[in-house]
Amino acid sequence: MIAQTPEPPYYAVIFTSLRTDIDDGYGDTAIRMVELAHQQPGFLGVESARDELGITVSYWESLDAIRSWKQHAEHRLAQERGRKLWYETYKTRICKVERDYGAELL
């Protein structure tokens, strides 16, 4: 599903990753992180796709909201497990969205 975001400006956190073969609760943790993110002040939405390369883009009102999410205790535990178990490599990018546009084609 495409996230319904407000008029720009807002921020996007782009997380790209290559997984290891270790599952060990990954799916449940990913679901929990999305649930938890929805509860955070400043969270606007999320989009995710996984095939060979995983890409998750979360949208936020401000850089402060992103910092708060990064420091959230349960999210920090998931980050640590990701580094130790789930990710062969990953990259996080933070961007300011200045324009967005699109169309619903039905």
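The values are calculated or read from the model by the stated rules, or taken from the named source; none is laboratory data. What you see is a predicted model; the values in this text were computed from it and never measured. Every residue, glycine as well, gets a Cβ built from its backbone with ideal geometry; the counts of neighbours run over all protein chains shown.
Here is a yes/no grid of residues against (1) touching a Phe, Trp or Tyr at 6+ places or on another chain (Cβ under 9 Å); (2) of a type in the set (Lys, Arg); (3) part of a helix (DSSP H, G or I):
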position: Ala12; (1), (2), (3): yes, no, no
position: Asp24; (1), (2), (3): yes, no, no
position: Gly27; (1), (2), (3): no, no, yes
position: Met33; (1), (2), (3): no, no, yes
position: Ser58; (1), (2), (3): yes, no, no
position: Glu74; (1), (2), (3): no, no, yes
position: Arg93; (1), (2), (3): yes, yes, no
position: Gly102; (1), (2), (3): no, no, no
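Candidates are the residues of the range 38-54 that are over 12 Å from the mean Cα position of the chain (by Cα) and not in a strand (DSSP E or B); the one that is surrounded by the most Cβ atoms within 10 Å (Cβ to Cβ) is Gly42. Put simply, of Glu74, Glu52, Glu80, Glu47 the only residue that is without any contact (Cβ under 8 Å) to a residue 60 or more places away in the chain, in contact with a strand residue (DSSP E or B) (Cβ under 6 Å, 6 or more places away or on another chain) and of a type in the set (Asp, Glu) is Glu47. On inspection, Ile2 passes the criterion of being β-branched (Val, Ile, Thr), surrounded by fewer than 15 Cβ atoms within 10 Å (Cβ to Cβ), at pLDDT below 95 and under 28 Å from Glu104 (Cβ atoms).
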